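K.L.:
One structure coming up, written as structure tokens, with questions to follow.
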Amino acid sequence: MNISLVMIVKNAERSLKRCLQSAAPLVDQMIVADTGSTDRTREIAAEAGARVLSFQWRDDFSAARNFALNHSDADWNLILDSDEYLRSPSRKKLEQSVRRLSGLYGTRWMGAILRYDTFPGTDGNEVSISPIPRFLPAGVRYSGIIHEQPHTDFPCYQIPLEADHDGYLFENKGARNLAYLYKAVEQEPEDSYYRFQLAATLRNLGKLPEALEQFRAFYGSCPGASGYRTEGILLYLYTLMDIGSLSCLTEARGIIDKEQARLSGRADYWFVCGLFYMKLVLADTASYIGFLPEIEASYLTCLQIGEHPEQGGVIGTGSFKAAYNLACWYEVSGQREKAADYYRLAAKHGYQPALKRLAGMDRSQP
């Protein structure tokens, strides 16, 4: 079994060495296509033992990916970005997994890695998890000028690879990506994946009304089995809640009701529900006071479901974040003992807001 690491890079001197070092134990060769670096990226790649290629950038990420893939003759290609770092990779475990899946599906499948994305949050850094197809059989290529995806209908299965991604902490590529995404949507207006990515990018840039328009278009056209559908729906709901008008909350309520049967096994869905019912009651207490019990029920369901990294989502919605929000709800409703119990549950995970609230409750004791 021959495995190549295949990458495209530009001005990646901050992270590239660590990325290559993390992948080297897994692969037989490393192919790095540089798209116009002006720093030490090329030198770092060569020093790490990679084969360094030059690609003339032409506003098309798939073209760059495919150029690099065309220089690999391996059985399998591992795709990483320069700000991704594999966690404790084991060639033996990887080969065992590949042989098992190949025995079932031949080479007509892709492997998904679990990527842990660290990003700035309101209470410090947060982490979300995404299963993404990054282990490709020979011959599979990419399509899409931005947020490119493997151009195949092969199924994707989990393999024993995890990676940390820290790029969101150091640069915001949203403004750069926006022009590409508008172009992609213009070229393929029926493509719900581009609509989703455009909506998410606009949301991250704080352009909520524009994001909402794109989320509505995404939701109206996205196939039910699409891997990105759940994330898109959750971001759609967060956008409606962030705008916060009664009409947006009414729209969100309709989506929550419509999607409950499909998403009821996911903690991140119920976490959004807890936030939504709180906002709904606060927006018009007289009309929606009957939804108060739904706040508690939503967060309790989060905790009952627990954490499932393989599903993706933000870490904590099935544990410490849900426990903390539930504790806040108990505290404001005068149930101090219950509040303290759930603050302690969140604090066991080292969640700083919970530790602060526990300290505050201790000081307020008579």
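K.L.:
Might you check whether a residue that is in a helix (DSSP H, G or I) and under 21 Å from the mean Cα position of the chain (by Cα) occurs anywhere in the range 335-347?
P.N.:
Within the range 335-347, none of the residues are in a helix (DSSP H, G or I) and under 21 Å from the mean Cα position of the chain (by Cα).
K.L.:
Shifting gears a bit: Is one or more of the residues making up the range 5-22 in contact with a Gly (Cβ under 6 Å, 6 or more places away or on another chain) and not small (Gly, Ala, Ser)?
P.N.:
Within the range 5-22, one or more residues are in contact with a Gly (Cβ under 6 Å, 6 or more places away or on another chain) and not small (Gly, Ala, Ser).
K.L.:
Among 12, 23, which is closer than 16 Å to residue 79 by Cβ, touching a residue at least 40 places away in the same chain (Cβ under 8 Å) and in a loop (DSSP other than H, G, I, E, B)?
P.N.:
Among 12, 23, only 12 is closer than 16 Å to residue 79 by Cβ, touching a residue at least 40 places away in the same chain (Cβ under 8 Å) and in a loop (DSSP other than H, G, I, E, B).
K.L.:
Please work out which residue is farthest from residue 338 (Cα to Cα), limiting yourself to the range 299-314 and to residues that are in a loop (DSSP other than H, G, I, E, B) and open to solvent by less than 50 Å² (accessible area, probe 1.4 Å).
P.N.:
Per the criteria, the residue is 312.
K.L.:
Anything in the range 60-73 that is small (Gly, Ala, Ser) and not in a helix (DSSP H, G or I)? List them, or say none.
P.N.:
72
K.L.:
Quick one: which helices (runs of 4 or more DSSP H) sit completely within the range 219-298 and have at least 1 residues that are in contact with a Gly (Cβ under 8 Å, 6 or more places away or on another chain) and open to solvent by 20 Å² or more (accessible area, probe 1.4 Å)?
P.N.:
It comes to 229-243, 246-263, 267-283.
K.L.:
Follow-up question, since we're still on this one. Could you please find all residues in the range 175-184 being within 27 Å of residue 120 (Cβ to Cβ), in contact (Cβ under 8 Å) with a residue 24 or more places away in the chain and surrounded by 14 or more Cβ atoms within 10 Å (Cβ to Cβ)?
P.N.:
177, 178, 180, 181, 184
K.L.:
Given the conditions (1) closer than 22 Å to residue 197 by Cα; (2) open to solvent by less than 20 Å² (accessible area, probe 1.4 Å); (3) within 19 Å of the chain's Cα centre (by Cα), report the number of the one that residue 116 does not fulfil.
P.N.:
Going through (1) closer than 22 Å to residue 197 by Cα; (2) open to solvent by less than 20 Å² (accessible area, probe 1.4 Å); (3) within 19 Å of the chain's Cα centre (by Cα) one by one, residue 116 breaks only (2).
K.L.:
Among (1) over 30 Å from residue 178 (Cα atoms); (2) outside any loop (DSSP other than H, G, I, E, B); (3) open to solvent by 40 Å² or more (accessible area, probe 1.4 Å), which single condition is residue 49 missing?
P.N.:
All conditions are met except number (2).
K.L.:
Answer yes or no: is there a residue in the range 195-208 that is without any contact (Cβ under 8 Å) to a residue 12 or more places away in the chain and on the phi > 0 side of the Ramachandran plot.
P.N.:
yes
K.L.:
Can I ask one more? Just a yes or no: is a residue in the range 85-92 crowded, with 16+ Cβ neighbours inside 10 Å, under 23 Å from the mean Cα position of the chain (by Cα) and modelled with pLDDT of 95 or more?
P.N.:
Within the range 85-92, one or more residues are crowded, with 16+ Cβ neighbours inside 10 Å, under 23 Å from the mean Cα position of the chain (by Cα) and modelled with pLDDT of 95 or more.
K.L.:
When residues of the range 120-141 are filtered for being in contact (Cβ under 8 Å) with a residue 12 or more places away in the chain, of a type outside the set (S, T, N, Q) and part of a strand (DSSP E or B), how many remain?
P.N.:
Within the range 120-141, residues that are in contact (Cβ under 8 Å) with a residue 12 or more places away in the chain, of a type outside the set (S, T, N, Q) and part of a strand (DSSP E or B) number 12.
K.L.:
Let me ask something additional. Which one of these does residue 57 not meet: (1) among the aromatic types (Phe, Trp, Tyr); (2) under 22 Å from the mean Cα position of the chain (by Cα); (3) assigned to a loop (DSSP other than H, G, I, E, B)?
P.N.:
Unmet condition: (2).
K.L.:
Based on this model, can you work out whether residue 141 counts as of a type outside the set (S, T, N, Q), touching a Leu at 6+ places or on another chain (Cβ under 8 Å), within 26 Å of residue 191 (Cα to Cα) and open to solvent by less than 60 Å² (accessible area, probe 1.4 Å)?
P.N.:
Answer is no for this residue.
K.L.:
Hey, can you tell me all the residues within the range 194-218 that are surrounded by fewer than 23 Cβ atoms within 10 Å (Cβ to Cβ) and closer than 20 Å to residue 269 by Cβ?
P.N.:
Listed by number, the residues that qualify are 203, 212, 216.
The values are calculated or read from the model by the stated rules, or taken from the named source; none is laboratory data. These numbers were taken from a predicted model, which means no experiment stands behind them. Because the Cβ atoms are built from the backbone with ideal geometry, glycine has one as well, and the counts that use them run over all protein chains shown. Each accessible area value is taken on the protein alone, full model and side chains, heavy atoms only, with ligands, DNA and RNA left out. Shrake-Rupley method; radii C 1.70, N 1.55, O 1.52, S 1.80 Å.
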